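*Asks:* Quick one: the structure is below, and I'll ask about it shortly.
The values are calculated or read from the model by the stated rules, or taken from the named source; none is laboratory data. Note that this is a predicted model, so its numbers are computed, not measured. Here Cβ is always computed from backbone atoms with ideal geometry, including for glycine, and neighbour counts include all displayed protein chains.
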Amino acid sequence: MSAVRRLNRENKRRAQKYGRQVDWTKVRKAVKTLLIVCLGSFAIIFSVTFFAVNSHNSIRKTVSSNPATTTGKVISIASGKGVHSATYEFTDKERKYTGATFTSYKGVVGDSICIEFSVDKPNINLFCDDIVMENIFNDSFLFSLEMFVIIFGFTLLFLIWKILTNDKKIIVELTSRKNNYR
């Protein structure tokens with residue numbers, strides 16, 4: 001009798017251990033959390049890019065109201081993540097002014113470059129290739145949307161990969177034990 005009882009207990013434990021089912025309420029909750037995190041990152045990226053586009057366009061408007069053109073010299077190039085921003089220096093009425101490019105600069109230190117500046121405020125200046133106004137929809141919203149899709153997609157692929165490789169933590173988070181007792 002004890003051998004039968006022991007075998008029954010062992011079968012119940014084995015059935016409990018491997019008897020997990022997908023709990024769709026847990027899956028929905030996990031997807032909602034993932035969406036909230038991705039939408040939060042979208043909001044942060046959009047805010048930062050919106051501020052940058054507005055700041056750049058404000059400088060462009062100020063310069064275009066009373067522009068003057070001169071030649072400046074590149075004094076340094078900062079590079080990172082595919083963007084090579086150049087810092088330049090120019091002189092107006094015996095005073096030195098500095099500025100930086102908005103877009104990536106493909107030159108070297110010491111290059112002479114075209115600079116546009118405001119006659120009223122020479123400290124507000126820009127690289128001649130940066131004159132074109134940026135568009136909030138294209139340069140901020142669409143960029144943020146692309147980043148949202150990339151973040152959401154990679155996170156979803158990562159979770160699917162974790163599930164397919166039987167990561168116990170993910171499986172426990174998304175499944176519940178089957179009720180084996182009748």
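*Asks:* Hey, any hits in segment 148-166 for a residue that's surrounded by 14 or more Cβ atoms within 10 Å (Cβ to Cβ), farther than 30 Å from Leu39 by Cβ and touching a Leu at 6+ places or on another chain (Cβ under 9 Å)?
*Replies:* No - not one qualifying residue is present in segment 148-166.
*Asks:* Here are the criteria: (1) in the same structural domain as Met147 (by TED's automatic domain parsing); (2) modelled with pLDDT of 90 or more. Tell me which single one Cys38 does not satisfy.
*Replies:* (2)
*Asks:* Has segment 150-162 got at least one residue that is in contact with a Ser or Thr (Cβ under 6 Å, 6 or more places away or on another chain) and at pLDDT below 90?
*Replies:* Yes, some residue in segment 150-162 is in contact with a Ser or Thr (Cβ under 6 Å, 6 or more places away or on another chain) and at pLDDT below 90.
*Asks:* Please enumerate the residues belonging to segment 87-101 that are closer than 26 Å to Leu142 by Cβ and of a type in the set (A, V, I, L, M, F, W, C).
*Replies:* Within segment 87-101, just Ala100 meets the criteria.
*Asks:* Scan segment 109-125 for residues that are outside any strand (DSSP E or B), within 14 Å of Ile75 (Cα to Cα) and of a type in the set (Val, Ile, Thr) and report the count.
*Replies:* The qualifying residues number 1.
*Asks:* Within segment 42-68, take every residue that is more than 28 Å from the chain's Cα centre (by Cα) and part of a helix (DSSP H, G or I) and give me the one that is farthest from Met133 (Cα to Cα).
*Replies:* Among those that are more than 28 Å from the chain's Cα centre (by Cα) and part of a helix (DSSP H, G or I), it is Ser65.
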